[in-house]
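Structure record follows, encoded as structure tokens.
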Amino acid sequence: MRFIAILLLFSQVIFSQKTISGQVFSKETSTALAGVFVRDTKTENWTISDKDGKFSMIIPYFQDIELNFSILGKKDINQTLKNGQNSITVYLEDNTLHLKEVMVTANKERKYSELTLGTNAINNVQAFTLDDVLEQLPGQTTSSFNLNSYKNIIFRTASEVGSFKSNKAFGTAFMINDIPISNNENMQALSPNTPTSAGNDYGVNTIPFNNPNVGVDLREISTNNIEEIKIIQGIPSAKYGDLTSGLVLITTKVGNSPYRVSASLRDGTSELNLTKGIQLNSNNSMNFGINFLDSNSDPRNNLLSYQRISGSLAWKTTDKHSKIKNTVNLSIRSTLDDAKRDPDKIAADIIKNEKQGFSISNNFMWKPSNLWLDGINVNSGFSYDRQFSRKERWINRALTAATDSKEEGIHDAFVLPSQYTSISTVEGIPISTFVNLEATKTITNKANWIHSLSFGLSGRSSSNKGDGRKSSAIGLINYYVLDDGGDTRLGYRDYDFNRTRTENQFSAYLEDRVYKKFEEDKILNIDYGVRYENQSGNVSLQPRINSSYSLNKTFRIRGGFGLSSKAPSLNQLYTGERYIDRLLGNGIYVNPGVYQKAWILTVVTSGDNLNLKPSKSYKTEGGLDVNLPFANINLTGYYNKLKNGFTGQMVPISKEIPKVNITTNGTEIPTYEVMGTDNLYYLTNSIQNNANSEDMGIETIINFQKIKALNLDVSMNAAYVRSKDLSETITYYASTDLLSAERYGVYPSMPMTNENFTASFNFSYHIPKAGLLLSLRSEHIILRTSYLTNSNYPNGYLDNQLAYHEIPEADRTNSQKYGHIIRSTLNDSQNKLENMLHNFHLRLSKDFLNGFSVSFYSTNFLNLKPYYEKNGIRSPYDYFAKFSFGTRLNYQF
């Protein structure tokens, strides 16, 4: 019966097809262009021009055909062949400022809500890192220039702090040439049990160097080798997984190109780039690039610096029939965060945070001639890094003791000197692999519905084979973990990352991209599919759909819905055991010149969070595109929901421990004797799926028609978003009365609401003949508020055995009975921007005909210094980019 059903289905399908051909030339020299990638935008069918610039392609439908032509160094263009037209001649222009039209802002894609940033948009902000480029997007604002802490990004949210922001940044996926950049394996944290601050162990004050659990460090991605960036803030294709917040697709340069040397200077940062593309023959080309960056937070003292060295090599080959295209990419990288000792602060930390590694990937595309399939694509990648973090601190304190025992029980303690140097290190070797196999087929039926089908299987693995966290007993940086007489504190032990196991993900997806043209201007696009995701045994089905319908030349409506998930990182899963160390008796027993003696009782609690599940995201969006004679307007509304996000949670634990009696006798060394057992009640921490968040907003992009009389392009974007963050975490508030029966007040987490409303305008004055571009970008922060509800009254309490007792609602405000566990000092908190804030950024660029170009860029060139008031206190506004300027020189030959 199944076979009959398949026959009935395909009896309605017509494999109609026709062959089109053409030739591609350089507009400047009229010479034929070999290696031009020609793509049918409806079906993603493709071919490549030969040494004479000629190409041919089989099209499986009889309708108007829109072809995209792209090659390194030339401006991409789309050309349409009307129904009945079978050949075309195309001329491509050099992608310089001498072009008639230059796009320096994010360009909305044709069908849905994707945004694309091309080479000129990347160069427009004189980017040192990928973060500088992405700040152009709606809802983002330009931050102060600083490369001395990790950079990440989140889309379509107003969440600003804590686990909610971390979860959303962690759920933003980045892919280079369809190979994921993974941060799942990063375990560079001394104290991993707190998910939001796990990377702050190695940093200076509030400046974190490491980035486990909080997304990709965008400082590591230079822009010198990037050809295009596509940002999907809405619903991604079913092809992509392990994400919740957004997707960034990066395409790197490959193909023939001249030597290009560039140098950039800005504040205390300098960057040097060298790139070159070589055409080996008509079917083979090779690219290489080298990037060096050095950044100092303050050039006057050189105490805090960041360095990046990266290299890339790409080799593209095609067969003579344009049926196979294969690209191999190799990248190497080295980064260093370095915090030297301030000679005026003897106790200041000395920190080094190093990373060296490489990645290799292969992208294989094959158009088989004799198979039923149109295309087979195989993408695979391997990444290896060595990370090493070291922190040194000089300690001067009263006599104390410590132990490095990992066994539960009583141990002889190390008595630490009052002055010593504390050293802690973490060595990680994150390794990730990825492979994706995809098959495609395009079919049409009698009613001219075009279906572009794709089916794929993918697998990825994450592991860390480093030596892990290490510190000698005398170098324990958190020597103060000894129980302080009240709440117990967690102790530190070495942890070998080889104890962790490899986490695997397996996925399968099926997607159908539908195209139907009803009339000349009535066009329907639907991309729908489902993704099967198995993330270390956690299985889910994730339906996704994007759709758009053009009503006429003026209006088009859009809509979409999708589910996705993000696996927990190794740093969240494998945190190691928790240790509690208690000095026995009266602490350290000292007889000067004779002995120093102490015993520590160590209590061990299992620590790994292997029950963590992937976080989940539910996304919906709708939009309207309006094409008017004077402007193109794109309006998008969305509602996103994050569930099962990762956050910390304190957990009550009870243990039976030995009761000890210590005997002292004059000058003899003290001894102890176990006199029975006692019960120990304490709180330990874990990571759980307790973070939930909702983001609701609207954004618009308007591109006005060029004012030809002034050579002026004007565009604007605006975004409003409201985020509501609600954690299921329970908070425990210690009683102020140590003799009371109520040891802790139990408080639920309360919701926090944030609102942001921002707008940006871009004015570009462009003279193509002179190769001159003057760009002014304005940013306007119209609204920024946050509101946190606090509860001063507990829902219940934990008694001295940490058993929970609920307090009747009518009794919770009874201060006479429960005043010792009522948080009387906490009030509802609200921050609100009193006035609109404005910022202005300027760029001036000039391309000379001899291959030389120069640009000057300045953020906040008016040197505006806004302030806001909170509770009567006037403070500078931290989210406002400070005055900064720099220049870039380029020469190609």
Most packed first (mean Cβ within 10 Å per residue), the peptides 170-181, 603-614 order as 170-181, 603-614
For 493-502, 696-705, ranked highest to lowest by mean beta-carbon neighbours within 10 Å, the order is 696-705, 493-502
Here the relative contact order (percent) of the stretch 770-815, from C-alpha pairs under 8 Å and at least 6 apart, is 25
For the stretch 585-654, the dipole about the Cα centre with charges only on Cβ (Lys and Arg +1, Asp and Glu -1), to the nearest 20 debye, works out at 220
If R0 = 51 Å, then Ala398 and Phe761, at their Cβ-Cβ distance, give a FRET efficiency to the nearest 0.05 of 0.25
To the nearest 0.05, the calculated FRET efficiency linking Tyr787 and Leu624 through their beta-carbon distance, R0 being 25 Å, is 0.25
Here the Kirkwood hydrodynamic radius of the chain, Cα-based and in Å, equals 30.4
Taking a straight Cα-to-Cα line shorter than 21 Å from Lys616, and setting aside same-chain lysines fewer than 8 residues away, one finds Lys165, Lys168, Lys239, Lys566, Lys641, Lys643, Lys724
Any lysines whose Cα falls less than 25 Å from that of Lys517, other than same-chain ones fewer than 8 residues away, would be Lys18, Lys42, Lys82, Lys108, Lys111, Lys441, Lys446, Lys553
Once Ile346 and Phe893 are pulled to full extension, the length gained, defined as 0.36 nm per residue separation minus their Cα-Cα distance, is 191.8 nm
Given 420-430, 763-773, the highest-first ranking by average Cβ count within 10 Å works out to 420-430, 763-773
The stretch 14-92: antiparallel bridges as % of DSSP beta bridges, rounded to 5, reads 75
If the chain between Phe292 and Ala32 were fully extended at 0.36 nm per residue, the gain over the current Cα-Cα distance would be 90.0 nm
Stretched fully, the stretch from Ala741 through Leu710 gains (0.36 nm per residue minus C-alpha distance, one decimal, in nm) 3.3 nm
Under the helix-only model (-39500 (n - 2.57) for each DSSP H run of 4 or more, divided by the residues of the chain), the mean residue ellipticity at 222 nm, to 500 deg cm²/dmol, is -1000 deg cm²/dmol
Simple SL model, points at 7 angstrom along Cα→Cβ for Ser270 and Ser829; separation in nm is 4.3
In Å, the C-alpha Rg and Dmax of the stretch 14-92 are 12.1, 43
Dipole check, the stretch 484-621, charges on Cβ (K,R +1; D,E -1), about Cα centroid: among Ser536, Gly593, Thr605 the Cα furthest to the positive pole belongs to Ser536
Taking R0 as 30 Å and r as the Cβ-Cβ distance between Tyr595 and Lys655, the FRET efficiency 1/(1 + (r/R0)^6), rounded to the nearest 0.05, comes to 0.50
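We did not get these values from a lab; they are worked out from the coordinates using the rules stated. These figures come from a predicted structure and were not determined experimentally. Glycine gets a Cβ as well: all are built from the backbone with ideal geometry, and neighbour counts include every protein chain shown.
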